[in-house]
Structure formats: structure tokens, C-alpha cells
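Structure record follows, encoded as C-alpha cells.
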Amino acid sequence: MGRKGRGCNGWDMDADLIRKYDRPIPRYTSYPTAPHFHAGVGADTARQWLEELPADLPLSLYIHIPFCDTLCWFCGCHTKIVRRYQPVADYLELLEREIRIVAKRLGRPQPVSHMHFGGGSPTIMKGDDVRRLGEAIREEFDVAEDAEWAVEIDPRDLGPDVLQAFADIGVNRASIGLQDINPLVQQAINRIQPMDETAAVIAELRAAGVKALNLDLMYGLPYQTRDHVIRTVDAALALDPDRLALFGYAHVPHMKTHQKMIPERALPDGPARFEQAEAAAARLVEAGYRRIGLDHFARADDPMAVALDAGRLQRNFQGYTTDRASALWGLGASAIGSLPQGYIQNAVPLHAYREAIQQGRLAVAKGIALSDDDRIRRAAIEQLMCTLSLDLAAFRSAHDLAPDTFAAEMAALAGMQADGLVRLDGERIVVTEAGRPFVRCVAAVFDTYLGHGAARHARAV
């Protein structure tokens, strides 16, 4: 049967079973997933969808900064390495113009309840440019007083003026990338990040009034071992974060060619990745953090844990979220948005994004309109991903579905029940603790797009 992987609660899982389910599966931060977006939904459709939004509908904004000063070889984001600031400054001018184009299409100051600066590295910006963006957002939108402003931070390029600028515009949550503290692993992923530098930035954030802090850790990195991951978790716990995310490295050199710099022989196999992830999860749970869905952990009094208990936890392109806005608009090259009518994505190449904005157009290049079936399956997948359970009888009743809806999916889950990943109590699907690392596989049973087209995904574990 082969070696076993040790789970969070002490149970063992056979390596053959891990390999059986450790296959390419979407992360389900949307449904349908991004590989199924198409050019048939473009700027004209996006403009219509935008203009159809109710005036009182709260909006969430995602602002993408696609630049870094060094390239992390594990990175799967849309970003560009720059040695000079001028390309960043030019882009930020376009971004401010896009903010005003979107606001003009809305025709009113739409309420905004959540903002997220992502990248790339938002901290590559200069302080004055951060303030200018913040001012543009507040001028064009009706930002709620209790809005959450979140930013992704690379401690290696965050100067004191930039940090203060983010605090000045209202940022109240920061996510800091930590990955792994071992120098060998850091060298292998081209991200040298001394622990004292990370600790200093966290102290400075708290001093500036940014109190809500998340740390992002990774497993499955080159040369990484279970002990490496545990030492990183212990170092992260010493920083007293409110939340932690534990992401598995997605090795997709066919999509991100820079990942070819990582030697595949140095990557842990499926059972080793599984053991790393579950050992880290066990340590975090032991330290008092609640396990949230697939890969998040939060203090019991954190809004994310509260949302989970209240049944309000959601999932979007940033992962698990407490953001309750039913519409998200992405700003910047490659940024993705989610509207009641469907999904949209801005042009990925910078030159295509620049051309659209300079012409005064929305930069949307592709997307997908949601069918009724898409919406139903999205709701089922999101509930499984967030709560690890789904009462199909109640779900069918809530959505006015026929009694035999999802009969084929229930039959497909029988094998997972035999393998111990789910428990089927009548029509109630419950993902077991052993099945938690494979919840994406459970959700995939409801995905009618999977296997169609040329989409390629990261491994499940």
C-alpha cells in the first residue's frame, strides 16, 4: 500500500489514496472558472452590466498593481519586473483614469464596502501615488465608513512613507507574504526575506494603526520538508497574526515559464506535500486558530471565524472572504470582476490595457455570462468549499429544483464515501476531516465545465 501521510487529527492516509485524488483541479475562487472566460463577453457587455447595477448595490473593488522589483520563482500572478519607477508611474496614471471611466459609466457614486490592493507588489508604489489613488477612489465612489481596505505586502520593498500612505488612505488590513523562513528554500524560490525584516514591518504596520494582519505561508516548495514548514509556522505564530493562509505551491511551468528555474527534482511528492500541509494545520489548530475551509486559519473572534459560524463566509478571487458585496469590479491590467450577470477580466497585456484606457474605454477583454445552471452550481460549490457540507434536500427546496437534481452527482460521490473523504447522510453531504484537503475534488463533482476545453489546473494537494 505504500507510505502514509499523517493528517491534522492524527489519522493516516495511504499514499496511493493521496495520489488518486491529487490531480489537477480548479481552486474554485469562481464558477465557471477563469479558463472558461471568452472574448464574446467584452467591454460592451461589461458596460451594459455595469450600467444595470442598482444604485444602492454595495460594490467591492480590486486594484491590481502588476509590478515587482524582483521575480519570485514560485509566483503565479500576472506581474512584470521593473528596474525603474517610470513604468509604474505611467501605469498608475492609467489606473486613475480607469477609476474615473468606471465611475462615469455608473453615473453616480456607487457605494463601496471593500477594497483590496493586490499584485504583483502594491508596495512598489511611492507614497504620493498611493495617496492619489486613495483620493480618486473616495472622490468617485461612496466609500462606507466601515469599509475594509486590504493590501498585499512584500516586506522587502515597503518603505516607511509607503506604509504610512496606505494607513493614511484607510488601509486597515494587510496580508504579508512569508512563505518559508529557511534560507535554502528562500534561495531556491529567489525570495530572500530575513525574519527580522518581516517582524519589523509587522510592528510598523501596527504602530501605524493597521491592526488586522494576515500571514501567507506555503508548502510544497523546493527543498521544503515537514520540519521546515513547522519552523515557519512557529515563527509566524510568534508574530501573533489574526489570520493565516496556507497555500500549496502550484508548479505550472507550462503557464509560468519562470517556474522552470525551480528544479522539479527538488519538489516534494504528493504524500510529502500532504504531510507538510497537515502538520502545519495541526500546529495552527493547537495554537488556537480555527481551521477555515481548505487553507485558511483564523482566531476564534476574527470576523472570518464569526462569518463561518454564521453561514456568511464567501469565496472570491482572493480566496475566503468576509466581503458581502454582491458585485466586485477589478481595476488594472488582468484584474477580474464578478457582477450579478457574470464574470469579466481586463486585458492582460499592458499594451492592450493601456490602449483601452487611453481611448476612454473599459479595459474588459473577456468574461462569461452566467446561466441559471451556473448560478445554482456556483452556490453548491461555494457552500461545499466554505462549510464542507451541503444539504441537497434543503438546497433544492431553496432553489426550486426538481427532486432528481444532482442525482448523478450523489452517485459520483459514492466512491469518495468509500475512501473516507465524504459522509453521505441521506441527502446531506459532509466532507470528513480526512477529506478536507480534498474538498476541491468533492466540489469538482458539481463542475460541468471540468474536462472541457484546454484548461489546465494546479494539483489538488
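The values are calculated or read from the model by the stated rules, or taken from the named source; none is laboratory data. Quick caveat, the model's predicted, so the values are computed rather than measured. Backbone-built Cβ (ideal geometry, glycine too); neighbour counts: all protein chains shown.
Consider the range 249-279. How many of its residues are within 17 Å of Pro222 (Cα to Cα) and outside any loop (DSSP other than H, G, I, E, B)?
Adding up the residues that qualify gives 16.
From the list Ala380, Ala363, Ala356, pick out the single residue that is within 20 Å of Leu95 (Cβ to Cβ) and touching a Phe, Trp or Tyr at 6+ places or on another chain (Cβ under 7 Å).
Only one candidate qualifies: Ala363.
Output yes when any residue across the range 361-379 is in the same structural domain as Ala46 (by TED's automatic domain parsing) and within 16 Å of the chain's Cα centre (by Cα), and no when none is.
no
When the range 129-153 is examined, which residues are found to be surrounded by fewer than 20 Cβ atoms within 10 Å (Cβ to Cβ) and aromatic (Phe, Trp, Tyr)?
none
Counting only residues that are modelled with pLDDT of 95 or more, under 23 Å from Phe317 (Cα atoms) and not hydroxyl-bearing (Ser, Thr, Tyr), how many does the range 107-137 have?
Qualifying residue count for the region: 15.
I want to confirm something. Restricting to the range 167-186 and keeping residues that are surrounded by 18 or more Cβ atoms within 10 Å (Cβ to Cβ) and small (Gly, Ala, Ser), which single residue is nearest to Ala207 (Cα to Cα)?
Ala167
Could you please give the count of residues in the range 124-169 that are closer than 22 Å to Ile101 by Cβ, touching a residue at least 60 places away in the same chain (Cβ under 8 Å) and not aromatic (Phe, Trp, Tyr)?
Total satisfying the criteria: 3.
Part of a strand (DSSP E or B), in contact with a Phe, Trp or Tyr (Cβ under 9 Å, 6 or more places away or on another chain), surrounded by 15 or more Cβ atoms within 10 Å (Cβ to Cβ) and in the same structural domain as Val171 (by TED's automatic domain parsing): which single residue out of Leu246, Leu221 fits that description?
Leu246
Give the residues of the range 48-84 that are out of contact with any strand residue (DSSP E or B) (no Cβ under 9 Å at 6 or more places or on another chain), over 22 Å from Tyr343 (Cβ atoms) and either in contact (Cβ under 8 Å) with a residue 12 or more places away in the chain or not assigned by TED's automatic domain parsing to the domain that holds Leu331 (or both), sorted by residue number.
Correct list: Trp73, Arg83.
Only one of (1) surrounded by fewer than 20 Cβ atoms within 10 Å (Cβ to Cβ); (2) touching a Pro at 6+ places or on another chain (Cβ under 7 Å) fails for Ile189. Which number is that?
(1)
With Asp227, Asp234 as the choices, which residue is assigned to a helix (DSSP H, G or I), assigned by TED's automatic domain parsing to the domain that holds Pro155, over 30 Å from Ile381 (Cβ atoms) and free of Cβ contacts under 8 Å to residues at least 24 places away in the same chain?
Checking each option against the conditions leaves just Asp227.
From the residues in the range 249-297 that are touching a residue at least 60 places away in the same chain (Cβ under 8 Å) and basic (Lys, Arg), which one is surrounded by the most Cβ atoms within 10 Å (Cβ to Cβ)?
Arg273
Within the range 44-87, track down each residue that is loosely packed, with under 13 Cβ neighbours inside 10 Å, touching an Asp or Glu at 6+ places or on another chain (Cβ under 9 Å) and hydrophobic (A, V, I, L, M, F, W, C).
Within the range 44-87, just Ile81 meets the criteria.
Can you give me the ranges of the strands (runs of 3 or more DSSP E) entirely in the range 330-395 with at least 2 residues that are in contact (Cβ under 8 Å) with a residue 60 or more places away in the chain and buried (at least 21 other Cβ atoms within 10 Å of the Cβ)?
Output list reads 336-339, 342-346, 364-369.
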